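Please read the structure below before turning to the comments.
The values are calculated or read from the model by the stated rules, or taken from the named source; none is laboratory data. This one's a predicted model, so the numbers in the text were calculated from it and none came from an experiment. Reconstructed Cβ throughout: ideal geometry from the backbone, glycine too, with neighbour counts over all protein chains shown. The protein model used for the area step is the full one, side chains on, heavy atoms only, and it has no ligands, DNA or RNA in it. Shrake-Rupley method; radii C 1.70, N 1.55, O 1.52, S 1.80 Å.
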Amino acid sequence: MATRKPKGKPTSPVKPLAPDSLRRTCDPARFKFASTASLKPPKGILGQDRAIEAIELGTGITHDGFNLFVLGAHGCGMQGAVMDLLEAKAKRQAAPCDWVYLNNFDAADKPVAMCLPAGQAVQFRSAMDTMVEDLRASAKAMFEADEYQNRRRAIEAGLKQQQENAFAELQQKAESLGTAVLHTPQGFAVAPTRNGEVLKPDQFKVLQKVERDQIEEAIRTIQHDLETMLQNIPKLMTEARRELLALDLEFANAAIAHAIGDIERRFGEISGMPDHLAAVKADLAKHIYIFLASPEMQGQGEQAIAGPVEPQMDDPRLRRYKVNVIVSADGARNGLGAPIVRDERPSLANLVGRIEHQSQMGALITDFSLIKPGSLHRANGGYLLIDAIKLLVQPYAWDALKRALRTDRITIESASDYAGWFSTVTLEPEPIPLDIKVVLLGDSGLYYMLDARDDDFPQLFKVLADFDSTIPNDADGLRMYAGVFAELAAKEGLLPFHAGAVGALAEHGARIAARQDRLSARFGRVADLAREAAFVARKREGARRIEAEDVVEAVARTKRRGSMPSRRFRESVQRGAIRIATQGSAVGQVNGLAVIHAGPLVYGFPSRITATAGPGNGGAVNIEREADLSGAIHTKAFYILGGLLRNLLNTEHPLSFS
């Protein structure tokens, strides 16, 4: 085999590492404190300048589509950092308006959404409830007052007097014609008379024919007039009923005006409120009888509704006047700043809201008071944080969120709308305008998958905030570590950390980062080790702080709990089942290191790598791949190794070997 021989003696840039170079220790003398008891929690976020800049950009731009996708490893503190940044910004923003759903008196299946100034939704609901309660008392008193009763009796007496006058006129005419109108069990009858006495049939028959004909003609005349009078009586009663209804409406409007006047003065300037209150007053006047205790009065009028004697506040007939508060600044925020909502279960119903139903007489019914808000409603005017993977696994939730962001409004939907399931009677609430910043939390794989496969994603989430999983291992980084553990001890009641313990935790953070110049930003993982060190320290009698040896012991305990794979490997080496030569040299044989993850621990297992060469034309052969046992990383490494061999051999003509 002919190769070009290098000129001179080759020099290798690779130099052996000294043992103390394999690990970067943290000298406690670098710290200016004895323990974390004297430290204050850290301010700001170290080493995440690009992510902070992206968050400020996303929250500062008000144009559509500038929502955020926050990318980072689990446990790196990105959620807490995002919350701190958003809270600082939200406090400087004005509280958004409250939203309520009201009954639509023209179309009950299409409730009306109304915006009220921040903090007034609950007040408006209370005022409407008070109005209904006051109307129950005032309406009853007004309809029982002497003025109403006297005017009502006057109308009824007038009707009776008209009927009596009409009958008296008919009776007088009948007498002038020699007849009389009689009341009989079968009704009215007209009979001939003589000298004020009613003629019997026998007496009537003996009369002359001319006289009988005159009497019969008179009877026909009176009967015609009687029929006309009887036909006019319903008209008189209808007219009297109209007068009674007008009287009732007059007193009802007076009671309603008194009850609702305060609401008009307090909330009348709100957009859409005058129209709603006018509809409420018209409907109250139409159904004023449900507020009256007297069954007789409840039955009066063509527009009355029969019902219980004394309506309660939960009476279904009174729900139409209630106010369904969807979101109000009187809640946890107390009206301060923009809302920040974290949706831990972003299902379709939890996201856009839902319409509940009640069972009544075997059927499911609903009304506007059963509309429930979603996280989009609660976060409207502020910020909504969602774990991206939790959102994507919920059926129809991702599409609903995109539709809300595209249309800038919240439309309440249900799964049956998508799946075409059979649905009972439901509502079509008026959509609520949406003004929100959505923050999705996820990892890099999820972000790039959505960016590549979902055309809407780049248009709706234009800002990427990428949190680094490490921070610099310098004075600022160590100060950040010390502040984090000082805050941890203060919040959870742990013993303070000695400077040496902080140094030991920093060394462990460097091991997690796998770089001497960086520290792990996955504070959750390092904090768990700190908690275990605190547990170890409590076992020492009289311990007042957590020492470096407590951290070392915590690391050792963590390794022992997850060291089963390494123990098994060492046992195999001790038994001779696995032989790894560490001295001497051999042709075609090197020692390699296989990195294996076992839970939170990472182990390096030594492996022997061998190669033989012989005549053939197959080139380098990957036995693992030929046996279908090779993974992607192993195959890639093999091809890289093959390229290295070709470069080292540096042949002048092709070689035939395997």
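Can you spot a residue in the range 139-153 that is in contact with a Gly (Cβ under 7 Å, 6 or more places away or on another chain) and part of a loop (DSSP other than H, G, I, E, B)?
Looking for residues that are in contact with a Gly (Cβ under 7 Å, 6 or more places away or on another chain) and part of a loop (DSSP other than H, G, I, E, B), one finds none in the range 139-153, hence no.
Just for the range 451-490: of the residues that are buried (at least 21 other Cβ atoms within 10 Å of the Cβ) and of a type outside the set (A, V, I, L, M, F, W, C), which one is farthest from Ala81 (Cα to Cα)?
The qualifying residue farthest from Ala81 (Cα to Cα) is Asn473.
Looking at the range 493-505, is at least one residue surrounded by fewer than 20 Cβ atoms within 10 Å (Cβ to Cβ) and not in a loop (DSSP other than H, G, I, E, B)?
no
Could you look through the range 194-221, keep only residues that are without any contact (Cβ under 8 Å) to a residue 24 or more places away in the chain and surrounded by 16 or more Cβ atoms within 10 Å (Cβ to Cβ), and pick out the one that is nearest to Met237 (Cα to Cα)?
Here the residue is Leu199.
With respect to Leu249, determine if the residue is without any contact (Cβ under 8 Å) to a residue 40 or more places away in the chain and closer than 30 Å to Ala154 by Cα.
yes
Collect the residues in the range 307-328 that are open to solvent by less than 20 Å² (accessible area, probe 1.4 Å), out of contact with any Leu (no Cβ under 7 Å at 6 or more places or on another chain) and at pLDDT below 80, keeping them in residue-number order.
The answer is Asp315, and nothing else.
Looking at Phe188, Phe143, Phe167 in this structure, which one is within 21 Å of Ala259 (Cα to Cα), of a type in the set (Phe, Trp, Tyr) and in contact (Cβ under 8 Å) with a residue 12 or more places away in the chain?
Phe143
Report every pair of residues separated by at least 6 positions or lying on different chains whose Cβ atoms are under 6 Å apart, first residue within the range 258-279 and touching a residue at least 24 places away in the same chain (Cβ under 8 Å), second of a type in the set (Asp, Glu) and assigned to a helix (DSSP H, G or I).
Ala259/Asp134
Could you check the range 16-124 for strands (runs of 3 or more DSSP E) lying wholly inside it with 3 or more residues that are open to solvent by less than 30 Å² (accessible area, probe 1.4 Å), farther than 21 Å from His377 by Cβ and touching a residue at least 24 places away in the same chain (Cβ under 8 Å)?
68-71
Which residue, of Ala530, Ala594, Ala581, Ala489, is in a loop (DSSP other than H, G, I, E, B) and on the phi < 0 side of the Ramachandran plot?
One residue alone meets the criteria, Ala581.
With the condition kept exactly as written, say whether any residue in the range 558-566 is surrounded by 10 or more Cβ atoms within 10 Å (Cβ to Cβ) and part of a loop (DSSP other than H, G, I, E, B).
Yes, the conditions are met somewhere in the range 558-566.
Would you please name the residue that is most open to solvent (accessible area, probe 1.4 Å), looking only at residues in the range 627-658 that are among the hydrophobic types (A, V, I, L, M, F, W, C) and in a loop (DSSP other than H, G, I, E, B)?
Per the stated criteria, the residue is Leu629.
Answer with yes or no whether Glu549 is without any contact (Cβ under 8 Å) to a residue 12 or more places away in the chain and among the charged types (D, E, K, R).
When the stated conditions are applied, Glu549 passes them.
Quick one: is Gly524 out of contact with any Ser or Thr (no Cβ under 7 Å at 6 or more places or on another chain) and open to solvent by less than 10 Å² (accessible area, probe 1.4 Å)?
Spelling it out, it is not the case that Gly524 is out of contact with any Ser or Thr (no Cβ under 7 Å at 6 or more places or on another chain) and open to solvent by less than 10 Å² (accessible area, probe 1.4 Å).
Among the candidates Glu553, Glu624, single out the residue that is assigned to a helix (DSSP H, G or I) and more than 30 Å from Ala537 (Cβ to Cβ).
Glu624
Identify the residue in the range 423-449 that is without any contact (Cβ under 8 Å) to a residue 60 or more places away in the chain and part of a helix (DSSP H, G or I) and, among all such residues, is most open to solvent (accessible area, probe 1.4 Å).
Only one residue fits best here, namely Tyr448.
Quick check on my filter: what residues within the range 359-397 are among the polar types (S, T, N, Q), surrounded by 16 or more Cβ atoms within 10 Å (Cβ to Cβ) and over 19 Å from Leu116 (Cβ atoms)?
Thr366, Ser375, Gln394
Would you call Arg136 assigned to a helix (DSSP H, G or I) and in contact with a Pro (Cβ under 9 Å, 6 or more places away or on another chain)?
It is true that Arg136 is assigned to a helix (DSSP H, G or I) and in contact with a Pro (Cβ under 9 Å, 6 or more places away or on another chain).
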